[in-house]
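The values are calculated or read from the model by the stated rules, or taken from the named source; none is laboratory data. As the structure is a prediction and not an experimental result, all values here were calculated from the model. Glycine also receives a Cβ, built like all others from the backbone with ideal geometry; neighbour counts cover every protein chain displayed. Just the protein is used for accessible areas: all its heavy atoms, side chains included, with ligands, DNA and RNA removed. Shrake-Rupley method; radii C 1.70, N 1.55, O 1.52, S 1.80 Å.
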Amino acid sequence: MTLDDFLAQKPLFYDVIDVERFPRAYAGIRHLLPSPKIIHLVGTNGKGSTGRFLATALYRSGKLVGHYTSPHILRFNERIWINGDEIGDVELENAHQKLLSILSSDIAKSLSYFEYTTLLAMIAYEGCEYVVCEAGLGGEFDATAAFEKALSIFTPIDFDHAAFLGDTIASIAATKLRSMQSVALLGKQKHSEVETIAHTIAEEKGCKLLNVSELLTPQIEAAALHLAEKNGLSDYLRDNLTLAMAAYSLLGFSPEASLFDQEALFGRLSKIAPNVTLDVGHNALAAQSIAQAYAGRKVTLIYNTYGDKDYREILTLLSPVIEAVEIIDVSEARIVPRALLEAVLEELAISYSTFQTLRKEKEYLVFGSFSVAEAFLKRIS
């Protein structure tokens, strides 16, 4: 069975979470998998761009490197980056067939979409010295947490996925932070209690924990500022770049600016046309960063959202920079009912309509989730 057909049968989530399912599957084939140095990225926002900055720097310095990220926007191949490029179709299918040959049929069928593709990525990364591995929804119970890690990196932690992680910052942070093992790096945080919880967990686990501020040098800060100005990075993307440079230093390497000279990962405030910017942020922390980046300007927001997101807060945060909202149709069961979204827009006195086409005289921001980005890109292609 091809990978596409196999994944089409997989649920994205299970109603009942079995935290031992993936560790059991991994333990059974661990001896058959590659064993690169795993750099684990956990947090609410910034995992993708921080990971790509770091993975690219490692690759440019002569290392063999993989970067595992999720979800994808248009093609599954986006999730598995190897030495500067997305995995090819043939290599991806070969990895799938190899994984099926070493997993029992029952275990292969039992794994969720993300669990299976996490093992698939590890097969694909054979020969890599380093793998920058982005967590999915959570921390300690995420499939990616089962791997032995050389370094854990924690990007900003905020409210998101409450149904899975808890409804307080303390519970969310604890779940994510308990994934640390031997060495961890804590990025800049919005909530001070995250740092307190991190130090408590690190002490319990005997983990060496450093704050990003402890690793910053005048050279790193100057290089990050220069590269942010050169490549049009917003403040939050500059923070992610700085975190990646600090992590590179913690790994024992010199973070030369040339290694990190790149634009952000696609979908992170990406300029896709002179008057269109696309961002796959989908929570309040992302909305706050976007509002800061657009302060003093007005945009037409092309938007939709999953029903489990706090879209009232997201739209409230974005309202100072919104001229109007154009709702884009997204064919996904989790998308909020149109009437509920419209009710919030009316409550916030935000003008809205249905997205039809782009107009040259308007400035657009496409924001809402990977599914919104996918729907938009397919509409304009």
Item checked: Percent accessible area from carbon and sulfur atoms, the chain, protein chains only, probe 1.4 Å -> 51
Notebook entry, point to check: Under a 1.4 angstrom probe, counting protein chains only, how are His282, His226 ranked by accessible area, largest first?
Noted result: His226, His282
Checklist line | Helical segments meeting 15 Å axial Cα length and Kyte-Doolittle 1.0 threshold in the chain (DSSP H) | finding: 113-124
Margin query: Checking the cross-link filter: which aspartates and glutamates have an alpha carbon closer than 16 Å to that of Lys205, excluding same-chain neighbours under 8 positions apart?
Written below: Glu140, Glu148, Glu195
Next item on the list: Express the accessible area of the chain per residue in Å², computed with a 1.4 Å probe while the remaining protein chains stay in the model.
Entry: 44
Item checked: Computed helical MRE - 222 nm, the chain, DSSP H runs ≥ 4 contributing -39500 (n - 2.57), nearest 500 -> -12500 deg cm²/dmol
Notebook entry, point to check: For Lys63, which lysines qualify as cross-link partners when the Cα separation must be under 20 Å and same-chain residues fewer than eight apart are set aside?
Noted result: Lys37, Lys149
Item checked: Span from the the range 94-150 Cα centroid across to the the range 1-74 one, whole angstrom -> 6
Check: Ranked by accessible surface with a 1.4 Å probe, highest first, in what order do Asp4, Asp142 come?
Finding: Asp4, Asp142
Check: In debye, nearest 20: dipole of the chain around its Cα centre with unit charges on the Cβ of K, R (+) and D, E (-)?
Finding: 460
Notebook entry, point to check: If the limit is 21 Å between Cα atoms, which of Lys271/Lys378; Lys47/Lys309; Lys10/Lys176; Lys47/Lys176; Lys298/Lys362; Lys47/Lys190 go over it?
Noted result: Lys10/Lys176
Next item on the list: Calculate I(q)/I(0) for the range 32-96 by the Debye formula, one identical point scatterer on each C-alpha and no solvent, and give its log10 at q = 0.26 Å⁻¹ to two decimals.
Entry: -1.30
Next item on the list: Over all alpha-carbon pairs of the range 144-271, lay out the pair-distance distribution in 5 Å bins, whole %, shortest bin first.
Entry: 2, 11, 19, 19, 20, 16, 10, 4, 0
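For the range 102-219, take the convex hull of the Cα atoms, compute a quarter of its surface area, and give me that in nm², please.
Mean projected area of the Cα convex hull: 9.3 nm².
Considering only protein heavy atoms, with the full assembly of protein chains and a 1.4 angstrom probe, order Leu209, Leu100 by accessible area, largest first.
Details: Leu209 25, Leu100 50 Å².
Accessible-area ranking of Leu209, Leu100, largest first: Leu100, Leu209.
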Next item on the list: Go through 83-94, 148-159 and give me the packing order, highest mean Cβ count within 10 Å leading.
Entry: 148-159, 83-94
